[in-house]
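All remarks here apply to the structure that follows.
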Amino acid sequence: MRQGQVITPEDQQVGGLLREARLRTGLTQHELAARLGWSPDTLASYETGRRGLRVAQLLEVARALDVPPATLLVTDPQAITVLQRLGSNSERWGQVLLFLEALETGD
């Protein structure tokens with residue numbers, strides 16, 4: 001750990017979610033680290049929460065795993081499934097938005 005760096009529970013939680021996402025895709029730490037151009041030790045330090053991911057790094061990891069970035073931030077397995085199924089399909093996102101708006105208005 002670098003001097004002055006504070007490990008937070010949120011860093012540890014995001015690291016765990018990163019690890020789970022990597023395992024769901026069937027990649028080893030070495031394989032994902034290679035995709036990212038990182039050392040396996042660097043990836044391990046993020047997965048354990050010894051280092052916190054910056055937003056740019058989180059986006060890079062999501063691209064390397066081919067998952068929506070939000071899947072690296074949510075803990076509910078059902079929410080993760082929904083996010084993965086929606087992916088980057090803007091038409092699907094629009095349909096979900098219409099559905100949610102209909103629920104709010106009671107139509």
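With the dipole of the chain worked out from charges on the C-beta (+1 for Lys and Arg, -1 for Asp and Glu) around the Cα centre, which of 105, 81, 26 lies farthest toward the positive end?
Selected residue: 26.
Give, in nm to one decimal, the length gained when the segment between residue 20 and residue 41 is fully stretched (0.36 nm per residue of separation minus the Cα-Cα distance).
Taking 0.36 nm per residue and subtracting the Cα distance, the gain is 5.9 nm.
Multiply the residue gap between residue 30 and residue 59 by 0.36 nm, knock off their C-alpha separation, and tell me the result in nm, one decimal place.
Here the answer is 8.6 nm.
Give, as a single signed number, the net charge of other residues whose beta carbon lies under 10 Å from the beta carbon of residue 52, with Lys and Arg counted +1 and Asp and Glu -1.
So the environment of residue 52 carries a net charge of +1.
Could you size up the charge dipole of the chain around its Cα centre, putting +1 on the beta carbon of Lys and Arg and -1 on that of Asp and Glu, and report it in debye to the nearest 20?
Taking the Cα centre of the chain as origin, the dipole is about 500 debye.
Using just the Cα positions, wrap the chain in a convex hull and report its mean projected area in square nanometres, one decimal place.
Average of the hull's projected areas for the chain equals 8.1 nm².
If you add up the charges near residue 20, with Lys and Arg at +1 and Asp and Glu at -1, over every other residue whose beta carbon is less than 14 angstrom from its beta carbon, what do you get?
Once all neighbours under 14 Å are counted, the net charge is +1.
Could you check which residue among 53, 32, 23 shows the biggest mean-square fluctuation in a GNM of the chain with a 10 Å Cα cutoff?
23
Read-outs throughout are calculated quantities, based only on the coordinates presented, and are distinct from any laboratory measurement. Model, not experiment: these values are computed from the prediction. As a convention, Cβ positions derive from the backbone with ideal geometry for all residues, glycine included, and neighbour counts pool all protein chains shown.
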